[in-house]
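Below you'll find the structure, written out as structure tokens, and then a few comments.
The values are calculated or read from the model by the stated rules, or taken from the named source; none is laboratory data. Keep in mind it's a predicted model, so treat the numbers as computed, not measured. Areas reflect the complete protein model, heavy atoms only, side chains present, ligands, DNA and RNA absent. Shrake-Rupley method; radii C 1.70, N 1.55, O 1.52, S 1.80 Å.
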Amino acid sequence: MPCMGKSRSVTTWVSAISALVRLAAEMAASPPPDPTDPGAATTGPGPRVEAVELIRIAIPLVAPFRTSFGVQTQRDVLLIHLLGDSGEGWGECVAMGEPGYSSEYTEAAEQLIGQHLLPRLLARRRVSAAELGGVLESIRGHRMAKAALEMAWLDLELRVAGMSLADYLGAARTEVDCGVSVGIADTREQLLETVAGYLDDGYRRIKLKIEPGLDIERVRAVRERFGPGVVLQVDANAAYTLADAEHLGRLDELGLVLIEQPLPEEQLLGHAKLARRLTTPICLDESILSATVAAEAIEMGACSIVNIKPGRVGGYLEAKRIHDVCLALGAPVWCGGMLETGIGRAANLALAALPGFTLPGDTSASDRYFHEDITAPFVLHSGRLRVPTGPGLGVDVRREVVDALTTRRSLVRPG
Ligand code: NPQ
Ligand code: MG
């Protein structure tokens, strides 16, 4: 009897322990849903990706776009096309052809994705979009490359789940107010004409690109021509130094919503010092690489407003975390733009529909940049764009347009 009892209890313990081990392994593989997290509405274990097309396209811009870092006449875009066992997914990399806005650029992103990121992801049977950041954590930086993959993964996963990106992220509205970014013009008259056209189109906010020498007088001309009712802001793309503080102070009387990224990316303390000398609020773009940087920048007084670009920060899930931290700290946010095609534009609209996005963003209509887009174009209605409601990003890619614009294509497979 004691012998039998002992033997039975050993058997019971062995099976109980192995059940616990199994349970722990399952819990580690799929952590319990956290209702405060994007992805809480779990979409399963993640898609199985069987092949990935890397497609480079060159799209001409409707007009040259001049900023303090250069002039662009076309967009050199890397597209990600996932072919999974249950469907397809599209993503877009926001990196530019040349490393002028940031250190990333298209060619490098394509190389990194093909040589380093996809091999790590495809080595696993299944990866969910929410797990992607963790799998790629050992590779430093290259946020634009990572964000492009995350976008494609989200599209595939949410299409399968029948859920829109807007619902997944926690959108609070069905349309978003749109602003437009106006490049540096050759002449003052051309600038006034361009701004007049955008105001006629219905844009609810005008952002003027500035650089040393083409700043105060240009902004004043726009303010004087269109009056105090026009919502106006400026973007320097890091073209100034702290020694320009007094000069930039002349913007204070022009009633601007904000000045965006006056100083170089790494100068958080410089921005904090500048902020104390201006009444115009400082908004950071290039400097904000993550939710951690956003929180620190706000806390040290480097900015009081944040431009959120999902590509720059490594993806939509980090963008949502920045939104959350800014909302908690009382800093307004708005959605930036990187001249996205309809793919990235659709995803940006989903993000811009979150409750903390209280300022109009650079989510302009497709025709601001392109004569022909690779999805159905986004069209302005009373200065707003509609947030896509279909599953995933909610847009269909026009393959024949992509093919006509393709400059290079490669296929990556597991193993
Ligand atoms: C910004 N975007 O806020 C960026 C910079 C920018 C809409 O002003 C090609 C590809 C040209 C990306 C020019 C806007 C670009 C680009 C400017 C991004 O700083
Ligand atoms: Mg900017």
Going Cα to Cα from LYS273, which aspartates and glutamates come in below 14 Å? Please leave out same-chain ones fewer than 8 positions away. ASP244, GLU246, GLU299
What whole number of Å gives the distance from the Cα centroid of the range 363-415 to the Cα centroid of the range 271-314? 29
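Under the rule of -39500 (n - 2.57) per DSSP H run of 4 or more residues, summed and divided by the residues of the chain, what mean residue ellipticity at 222 nm is obtained, to the nearest 500 deg cm²/dmol?
Values: 15 runs with 153 residues, N = 415.
Only helices count here, giving -11000 deg cm²/dmol.
Find the accessible area per residue for the range 266-343; the probe is 1.4 Å, ligands and nucleic acids are left out, and the unit is Å². Could the numbers behind the result be given before it?
Working: 2550 Å² over 78 residues.
Ligands and nucleic acids excluded, the figure is 33 Å² per residue.
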Treating cross-link reach as a plain straight distance, find the lysines whose alpha-carbon is under 19 Å from the alpha-carbon of LYS146, omitting any fewer than eight places away in the same chain. LYS309, LYS320
Pick from LEU156, LEU268, LEU254: which residue has the top mean-square fluctuation in a GNM of the chain where Cα pairs under 10 Å get a spring? LEU254
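Could you check what % of the DSSP bridge pairs in the chain are antiparallel, to the nearest 5?
Approximately 60 percent, going by the DSSP bridge assignments.
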On C-alpha positions alone, give me the angle between the axis of helix 143-161 and the longest principal axis of the chain, in degrees, nearest 10. 60
Taking Cα atoms, how many degrees apart are the long axis of helix 2-29 and the longest axis of the chain, rounded to 10 and kept between 0 and 90? 20
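Just to make sure I understand: if all protein chains stay in place, what is the order of GLU224, GLU260 by accessible area at 1.4 Å, largest first? Show your work: numbers first, answer last.
Working: GLU224 135, GLU260 0 Å².
So the residues, ranked largest to smallest area, are GLU224, GLU260.
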